[in-house]
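Please treat every number below as a calculation from the coordinates, not as lab data. It should be emphasised that the depicted structure is a prediction, and the values quoted were computed from it without experimental measurement. Note: ideal-geometry Cβ built from the backbone for every residue, glycine included; neighbour counts use all protein chains shown.
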Amino acid sequence: MQKTEWFNRKFPLIDDNGVLPAIIERLSGTPARIEEIVSQIKPGLLTFKLKDKWTIKEEIGHLSDLEPLWLGRLHDLINNEAELRVTDLTNQLTHKANHDATEINVLLLRFREKRRLLVNELLNLDDKQLSNTALHPRLKTPMRIIDLAYFVAEHDDHHLASVREIMVSG
């Protein structure tokens, strides 16, 4: 099954803030989903490279690497900034981090702790903040908090699908 490359994805804007609690639940559950997947993997597969792509450890490390960006973008929206902060589209942080040398339990815990910060911030928002918008720097579309949350959840699932692809192929 062919997976659409991340930078080719399109993201619909969500007009109903009433679905935000479900998206927050999805974000909250990502660490447990990763842990469940990893519990089924033979240790040697954690650093297996498929088609010169990231390893499972690198995929998990990447999710953790981006948590400060998501939290920062949430703050951009809360503070009513005109544009969301930019990111390094080449993912140099992940490429240089050497996640393969880190124990899988450390990677999982690191992601769980960072994700908890994002989820807690989302749970403490008020309705007025939910209407703030900011321009996404790459997509050039306005986003609200619900759109950012959906974007992050889709990003999570994109990388979990990559982990499954390695599992099936390895």
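Figures for the structure shown
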| read-out | value |
| --- | --- |
| Filtered residue count, segment 84-102, keeping only those that are within 15 Å of residue 53 (Cβ to Cβ) and over 15 Å from the mean Cα position of the chain (by Cα) | 4 |
| Test result for residue 166, under 18 Å from residue 72 (Cα atoms) and part of a helix (DSSP H, G or I) | no |
| Residue in segment 142-170 that is farthest from residue 11 (Cα to Cα), counting only those that are charged (D, E, K, R) and buried (at least 20 other Cβ atoms within 10 Å of the Cβ) | 156 |
| Qualifying residue in segment 120-127 (condition: surrounded by fewer than 17 Cβ atoms within 10 Å (Cβ to Cβ), in a helix (DSSP H, G or I) and in contact with a Leu (Cβ under 7 Å, 6 or more places away or on another chain)) | yes |
| Segments classed as helices (runs of 4 or more DSSP H), wholly inside segment 1-113, with at least 3 members that are of a type in the set (Asp, Glu), surrounded by 13 or more Cβ atoms within 10 Å (Cβ to Cβ) and in contact with a helix residue (DSSP H, G or I) (Cβ under 9 Å, 6 or more places away or on another chain) | 56-78 |
